[in-house]
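For reference, the structure discussed in these notes is given below.
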Amino acid sequence: MRRGLALFLGFVVLLATPTGAASPASPDGRGELRDDLDGMLEDPRLDGSTVGVVVRDPRSDRVLYARNPRTRMTPASNAKLFTSVAALETLGRDFRFGTEVLTTGERQGAELRGDLYLRGSGDPTMLAADYEGLAADVAESGIDVVRGRVLADDSWFTGPGLANGWMAVDEPYHYAAPVSALTVAPTDDYDAGSVVVRARPGKPDRPVRVSTSPSTGAVTVVNRARTTRAGSEGSLSVRREHGSDRVLVSGELPADSGKKRFFSSVPDPTRYALDVFRRALAEHGVSFEGTGTSRAPERARVLAEHRSMPLGELLTPFLKLSNNGHAETLVKTMGRRVLGEGSWTAGMRVLRSELESLGVDPGGYRLVDGSGLSTLDTVSPRQLSLLLDAAREEPWFGTWYAALPVAGKPERLVGGTLRGRMEGTAAEGDVVAKTGSMTGVTALSGYVRTRSERPLVFSVVFNDFLGAAPRDVQDAIAVRLAEHGGDVPSGTVDPHSREGGPPTTSGGRDGSGVDAHRSPLECSWTKSCRPGDDS
């Protein structure tokens, strides 16, 4: 039974708090907390912006602080909180994606007389090695010759590969890769639908040496970059042309530079997967008569199958690294599983239904995608806090909580997008929250354990600011919550001091170097959450 009465009491408390005002003073220190948070939100960088903050005590269902709690705002990647919760409710922790090789052909010795079908269900974790494994299984079954074609079946999902409201400027980058039932991830970050472009210097005044990983013809690399003398300043850039498969490598790379890598989205993930699989078949000595796309007949039998890690495990790279493709794949998968249609429209219907059962009013927010990359998404800090509160009572909560980023923890798949923030403060290890970042948007929503060991739920969303994202203000709020009920430690973040912000790191969406503090994007998208991260 849902905690309906408890949530109702929480609504009453929240309704009693005027919009735009903080909670009144109380004997439990809320007055001091209110004054401190009010002071932090006076930061001049927030002038003219929209600020939304809610702090809840889940044990009492009391709202300790609220600033514009009902104001709907762009959540950026905080939308993934909704998507991941709905996926756990709909699919379950043990759900796995499957990728199959099928045929209707008959065997005659080492020959298969008929077509091979590569059918996917959206697995965003498929690496080139996994397609190689499928090809090896086909070869080990005794098939050397396919008297037919190798055909890709991506019919599990329908509709466009890019979600409604995604910006055209993002389309070439790996964090906005198209979604398909068949796709390839180039690394174990599982950025499905993208390819790694590797570059290293040649001899001075000669072209830069360029390759892709995995090897594929799904993109056409146009190399215009030159190697310059050692010690010179580099300006290497890798960018896919909008609406094209041409990846332009331009600029200069000094002769004494190390290897560089860049991530680029691939315009046709199905073609990409088919290309990787056909190469793997050839490497295993299996010949065939061509490639194409077609739906596998219902009577087709399975020759080889790969199953993904369970959803409970996939949540870690999904939420720690704020992976957009995982979110969109889960939305379409929910639609396919529940309504028989693998589209965003069907998936979002399922998502809204699941969130309503958790107490989130479907008429009070708008989500058109699962990742939060769409500029059309809008939710309130109150709705985020209520979702976080309700999730605590679900049987999957421990798995979900463990997949969220942890403040100040340097391990990539522990700290995630928070691994370069709040280090050495009371919040380190005690703030577990989802980040969200876009141009003019920064959000931080999750859980904090206070100095008195009391759990709190919070949501801090800033919209429409100019200049660098004031994430240090969000960090200061989170640190103050961690200090609630205890002495102030020496590592407190001062939101009015640049020393209090996240560290400056190198990297970037095009490898040209990005200050992780100033970048409008999630640091995991720019591979720049901590110094030393790959660019």
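Just so you know, all these numbers are worked out from the coordinates, no wet-lab data involved. Note that the structure is predicted; figures quoted are calculated from it, not measured. Note: ideal-geometry Cβ built from the backbone for every residue, glycine included; neighbour counts use all protein chains shown.
If I take every Cα pair under 8 Å that is 6 or more residues apart in region 194-265, average their sequence separation and divide by the length, what percent do I get for the relative contact order?
It rounds to 39 percent for region 194-265.
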Need the C-alpha centroid separation for region 86-136 versus region 216-251, integer Å. 33
With +1 on each Lys and Arg Cβ and -1 on each Asp and Glu Cβ, how big is the dipole of region 49-186 about its Cα centre, in debye rounded to the nearest 20? 1060
Long-range HN-HN contacts of Gly105 with modeled amide H, under 5 Å: Asp115
So who's got an amide H within less than 5 Å of the one on Thr228, skipping anything under 5 residues away but keeping other chains? H placed 1.01 Å off N, in plane. Asp205, Leu253, Ala255
Return the lysines within reach of Lys80: Cα separation strictly under 22 angstrom, same-chain partners fewer than 8 residues apart disregarded; answer none if there are no such residues. Lys320, Lys332, Lys409, Lys434, Lys527
How far, in degrees from 0 to 90, does helix 471-483 lean away from the longest principal axis of the Cα atoms of the chain, to the nearest 10? 60
Add +1 for every Lys or Arg and -1 for every Asp or Glu among the other residues with Cβ under 12 Å from the Cβ of Lys434, and state the total. +1
Between helix 311-320 and the chain: long-axis angle, C-alpha atoms, 0 to 90°, nearest 10: 70
Alpha carbon centroid spacing (whole Å) that separates region 173-187 from region 281-303: 22
Cα centroid of region 442-467 to Cα centroid of region 402-429, whole Å: 14
Anchor Lys203: lysines whose Cα lies under 21 Å away (excluding residues fewer than 8 positions away in-chain): Lys259, Lys260
Roughly how tilted is helix 324-339, in degrees to the nearest 10 and between 0 and 90, from the longest Cα axis of the chain? 80
